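Here is the structure we will look at, set down as structure tokens.
The values are calculated or read from the model by the stated rules, or taken from the named source; none is laboratory data. From a predicted model like this one, the values you see are computed outputs, not experimental measurements. Heads up, the Cβs are rebuilt from the backbone with ideal geometry, glycines too, and the neighbour counts pull from every protein chain shown. Remember, those area values only see protein heavy atoms, side chains included, never the ligands or the DNA or RNA. Shrake-Rupley method; radii C 1.70, N 1.55, O 1.52, S 1.80 Å.
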Amino acid sequence: MKKQFFTAMALLTVTLTAGGQAFDNLPDPIEDVNKVVDNTPDSIAKALMSRPKPGSTRKADHPVLFLIGNSTMRNGTRGDGSNGQWGWGYYASQYFDAEQITVENQALGGMSTRTFYTDLWPAVRDALHAGDWVVVSIGHNDNGEFFDQRRARAVIPGIDPDTCYTGFNQRTQRQDTVYSYGTYLRLYIREIRARGANPILMSLTPRDAYDDRTGKIVRKPQTEWAAYVAATEGVPFVDLNERSAQKLDSYSPWKEKYHFFGDKIHTSKYGAEMNARSAAEGLWESPNPQLRPLQAMMQNVPLKTKAVKREPGKPVLFFTGDSTVKNADNDDDGMWGWASQAATVFDETKITLCNAARAGRSTRSFIREGLWDEVYNSLQPGDFVTIQFGHNDICPITDKKARGVIASSDDTCHVYKLDNGTYEVVYSFGWYLKKMIDDVREKGATPILVSLTPRNEWPGGRVERRDDSYGRWYRDVVRQTGVEFIDMHNISADFLDKKFAAKRLPDDKEKAKAEVARIKERAGKYFKKDHTHASKLGAQMNAQSMARGLRQAGSPLVKYLKK
């Protein structure tokens with residue numbers, strides 16, 4: 001191996017060309033120096049077919065935003081989450097108006113600044129049109145050996161434009177030259193500009209690694225290198241590493257961990273969505289005038305919140321849940337959620353009520369659809385949130401409603417292929433509850449777990465109790481988190497039993513069955529149309545159960561109840 005030195009000017013006139021790598025004849029995945037097994041190089045031919053042909057998403061003469069990166073931007077062979085890991089590029093398009101610009105995720109797992117430049121970049125470069133945009137955020141795989149047989153992807157650390165190494169590349173079976181990290185960034189910038197397009201540099205996504213000195217997420221050295229190159233080349237720079245690391249630092253250790261999946265580099269859906277938002281926020285908030293045309297094509301960057309009229313000195317009580325919490329709530333002879341009747345027990349001169357529940361939702365779908373984020377984004381210190389789910393949670397996991405959860409309170413999850421062909425990591429009922437509890441506390445607000453409402457079912461002549469399933473999982477979560485718990489299920493059930501339960505059913509089965517039917521009919525005034533949903537009277541009864549439970553628990557919410 002021979003070390004050579006070039007002047008900066010001479011180096012920047014060098015054109016690196018792609019080699020004829022046989023993508024369909026690569027070795028099996030191996031563990032790299034980061035102790036990560038990359039699952040892409042064993043099937044790069046398939047991955048190349050899965051990635052869009054560069055420029056193929058262009059609409060008419062509209063610009064394209066190309067994303068250049070590795071598995072933290074586009075994970076897995078197909079990038080579809082089938083391994084439980086997601087790259088943030090998958091979620092980037094939601095922040096751009098598709099009628100003005102398309103987002104093309106050209107990233108591929110296992111690539112370094114060097115191997116992407118030699119192997120994949122030429123096709124992307126040739127697809128660039130004047131006015132396009134290119135985000136370059138790559139570098140996680142830039143360490144290792146320079147010329148090994150299986151990878152040969154390492155670069156020289158730093159930004160020195162005058163240093164390079166030459167040697168025989170066993171992977172490509174030819175002489176090769178390796179440059180510094182900064183030099184590869186300069187080459188991308190130069191070639192993007194030569195096509196009339198606009199380069200943007202971004203620092204890397206953070207890893208699940210803490211600095212022993214500061215106790216905070218480690219900041220990657222590539223950040224300083226990319227920032228320097230961006231400044232000297234006059235290119236917009238977004239510090240994605242810092243933005244996302246600050247968010248991770250603000251989370252509980254439990255929450256920080258679930259933003260990664262499988263290892264300490266690759267992100268779960270939560271982590272990928274967080275990084276995509278950080279990238280969008282960095283672009284949106286940048287004062288760099290070069291980004292104004294791109295900013296004009298962005299959307300959805302401001303956080304979605306609940307429309308709540310805040311008044312000085314008054315906290316907000318948010319209700320979350322399903323149709324038993326919020327229903328149509330507009331027909332005296334229709335179905336009602338109990339939170340629609342919360343004003344019958346809460347003093348609205350002291351506290352503001354916001355019913356954020358949505359019919360048909362489970363813990364999983366309420367979070368996945370962004371309904372929970374609207375509450376989370378709206379929270380302020382001193383607020384309260386009731387969390388009440390269950391009626392829709394133990395449903396099929398993979399069907400079109402995609403709302404079923406794992407029936408457990410354990411911190412467990414599994415990757416499922418849904419009936420629509422997509423993949424999702426589904427967690428347990430208890431995990432979703434703990435996520436919401438943790439989120440509320442993070443904001444300085446108070447979470448209150450509320451058990452599900454009872455149904456109009458009367459086995460043995462007494463109202464159905466689900467204490468051996470949901471009740472057990474609720475109590476497990478209470479023990480694990482110390483969250484305040486209101487057992488509406490049993491408080492309302494006690495009320496119904498007192499009014500309607502049979503002291504003893506007849507021994508004759510037919511007579512017993514008839515007696516249960518009569519009980520169910522009499523109790524029916526508290527329900528509407530089926531055994532689950534409440535009438536207006538039933539909603540008011542559940543609201544009274546809530547107030548009774550708060551008083552029994554000595555809750556801080558008691559001072560906001562009506563006398």
Output for Cβ contacts, cut-off 8 Å, separation at least six or different chains, first residue within 19 Å of S250 (Cβ to Cβ) in the stretch 199-228, second open to solvent by 30 Å² or more (accessible area, probe 1.4 Å) and part of a strand (DSSP E or B), reads S203/F237; K216/Y210; I217/Y210; V218/Y210
Counting only residues that are in a loop (DSSP other than H, G, I, E, B), open to solvent by 100 Å² or more (accessible area, probe 1.4 Å) and of a type in the set (K, R), the stretch 494-534 contains a total of 3
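Do you know which residues across the stretch 434-459 are open to solvent by less than 30 Å² (accessible area, probe 1.4 Å) and either in contact with a Lys or Arg (Cβ under 7 Å, 6 or more places away or on another chain) or among the β-branched types (V, I, T) (or both)? Outline the logic, then answer.
So in the stretch 434-459, the residues open to solvent by less than 30 Å² (accessible area, probe 1.4 Å) come out as 434-437, 439-440, 445, 447-454, 456, 458.
Matches in the stretch 434-459: I437, V440, P447, I448, V450, T453, N456, W458.
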When the stretch 88-125 is checked residue by residue, the ones that are among the hydroxyl-bearing types (S, T, Y) and either touching a residue at least 40 places away in the same chain (Cβ under 8 Å) or crowded, with 24+ Cβ neighbours inside 10 Å (or both) are Y90, Y91, Y95, T102, S112, T113, T115, Y117, T118
Among the residues of the stretch 338-351, the number that are surrounded by fewer than 18 Cβ atoms within 10 Å (Cβ to Cβ), of a type in the set (S, T, Y) and touching a residue at least 12 places away in the same chain (Cβ under 8 Å) is 1
Restricted to the stretch 237-246 and to residues being out of contact with any Ser or Thr (no Cβ under 6 Å at 6 or more places or on another chain) and surrounded by 17 or more Cβ atoms within 10 Å (Cβ to Cβ), the residue farthest from T113 (Cα to Cα) is A245
Heads up, the helices (runs of 4 or more DSSP H) in the stretch 235-352 (entirely inside) with at least 3 residues that are closer than 20 Å to Q222 by Cβ are 240-250, 269-285
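Considering each of E464, E510, E521, E484 in turn, give the residue that is free of Cβ contacts under 8 Å to residues at least 40 places away in the same chain and under 37 Å from the mean Cα position of the chain (by Cα). Lay out the reasoning, then the answer.
Working: E510 fails: under 37 Å from the mean Cα position of the chain (by Cα); E521 fails: under 37 Å from the mean Cα position of the chain (by Cα); E484 fails: free of Cβ contacts under 8 Å to residues at least 40 places away in the same chain.
On inspection, the qualifying residue turns out to be E464.
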Has the stretch 126-139 got any residue that is at pLDDT 95 or above, open to solvent by 20 Å² or more (accessible area, probe 1.4 Å) and either among the β-branched types (V, I, T) or in contact with a strand residue (DSSP E or B) (Cβ under 9 Å, 6 or more places away or on another chain) (or both)?
yes
Counted residues in the stretch 292-317 being touching a Phe, Trp or Tyr at 6+ places or on another chain (Cβ under 9 Å) and closer than 16 Å to V135 by Cα come to 5
Check your understanding: Does the stretch 460-478 contain any residue that is open to solvent by 50 Å² or more (accessible area, probe 1.4 Å), small (G, A, S) and assigned to a helix (DSSP H, G or I)?
Key -> yes
Scanning the stretch 380-401 for residues that are in contact with a strand residue (DSSP E or B) (Cβ under 7 Å, 6 or more places away or on another chain) and not in a strand (DSSP E or B) gives D383, F389, I397, T398
Reported set for the stretch 545-563 where residues are surrounded by fewer than 18 Cβ atoms within 10 Å (Cβ to Cβ) and touching a Lys or Arg at 6+ places or on another chain (Cβ under 9 Å) is V558, K559, L561
Picking from N327, N377, the residue that is surrounded by 14 or more Cβ atoms within 10 Å (Cβ to Cβ) and under 25 Å from G471 (Cα atoms) would be N327
Report task. Would you confirm whether any residue within the stretch 421-433 is in contact with a Phe, Trp or Tyr (Cβ under 9 Å, 6 or more places away or on another chain), in a loop (DSSP other than H, G, I, E, B) and open to solvent by less than 20 Å² (accessible area, probe 1.4 Å)? Result -> no
